[in-house]
Amino acid sequence: MRIVPIGERVVLKQIKGEEEKTKSGIYLPKSEDKKEGIIVEVGTFKDGKSLPLNKGDKVLYGGYSSEDFEINGEKHLIIEFKDIVARVED
């Protein structure tokens, strides 16, 4: 199944946080609040031009408005393009 976002939106797969260990040796659970993801599908601007993102790009995003859904057992989000704050380049 393929999800195609309408308008200035993107579909991304959220990257879950890593388990952390404090200095005293206590393990903290993985954080679900990490605002990092991998682009799965990209919408278009209102004039039909492509958004400046590609499938597979790793991005940081903000905002509190997103639609969560599951495809083949994996959690995905649909967010507004304006909520993407940076592309992560390795």
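Might you report the magnitude of the Cβ-based charge dipole of region 39-90 about its Cα centre, with Lys and Arg at +1 and Asp and Glu at -1, to the nearest 20 debye?
So the magnitude is around 220 debye.
Could you work out how far apart the two model spin labels at Ser65 and Lys21 are, taking each label as a point 7 Å from the Cα in the direction of the beta carbon, and quote it in nm?
Calculated label separation equals 4.3 nm.
Round to a whole number: what % of the accessible area of region 48-90 belongs to carbon and sulfur, probe 1.4 Å?
It is 45 percent, rounded to a whole number.
List every residue whose amide H lies under 5 Å from the amide H of Ile15, counting only residues 5 or more places away in sequence or on a different chain, with H placed 1.01 Å from N in the peptide plane.
Counting only residues 5 or more places away or on other chains, the set is Glu36, Gly37, Ile38.
Per 0.36 nm of contour for each residue apart, how much would the distance between Ile38 and Asp90 grow if the chain were fully extended, relative to their Cα-Cα spacing?
Extra length available between Ile38 and Asp90 comes to 17.4 nm.
If the only charges are +1 at each Lys and Arg Cβ and -1 at each Asp and Glu Cβ, what is the size of the charge dipole of the chain around the Cα centre, to the nearest 20 debye?
Computed about the Cα centre, the dipole is about 100 debye.
In the chain, once you exclude exposed GluC sites (Glu not before Pro) (DSSP loop, at most 10 other Cβ within 10 angstrom), what's the longest stretch remaining?
With a cap of 10 other Cβ atoms within 10 Å, the longest stretch comes to 33-88.
Output the pairs from Lys23/Lys75; Lys23/Lys55; Lys23/Lys58; Lys21/Lys58; Lys21/Lys82 with a Cα-Cα distance over 28 Å in this structure; if there are none, say none.
Result: Lys23/Lys75; Lys23/Lys55; Lys23/Lys58; Lys21/Lys82 exceed 28 Å.
Of [x] 15.3; [y] 14.1; [z] 13.0, which one was derived for Kirkwood radius over Cα pairs in Å from the structure shown?
[y]
Taking springs between alpha-carbon atoms closer than 10 angstrom, which of Lys58, Lys16, Lys49 fluctuates most in the Gaussian network model of the chain?
Lys49
For region 57-66, what does the Karplus curve 6.51 cos²θ - 1.76 cosθ + 1.60, with θ = phi - 60°, yield as ³J(HN,Hα) per residue in whole Hz, taken in order and with x for Gly and Pro?
5, 9, 10, 10, 9, x, x, 10, 9, 8
Which far-off residues, 5 or more places away or on another chain, put their amide H under 5 Å from the one on Leu51, with H placed in the peptide plane?
Phe45
Along the charge dipole of the chain, pointing to its positive end and built from +1/-1 on Cβ of Lys, Arg, Asp and Glu, which listed residue (Ser65, Gly37, Ile26) has its Cα farthest out?
Checking the options against the dipole of the chain, the answer is Gly37.
The values are calculated or read from the model by the stated rules, or taken from the named source; none is laboratory data. All figures in this text were calculated on a predicted structure; none of them were measured in a lab. Ideal geometry is used to build each Cβ from the backbone, glycine not excepted, and the neighbour counts take in all protein chains shown. Note: areas computed on protein heavy atoms with side chains; ligands, DNA, RNA excluded. Shrake-Rupley method; radii C 1.70, N 1.55, O 1.52, S 1.80 Å.
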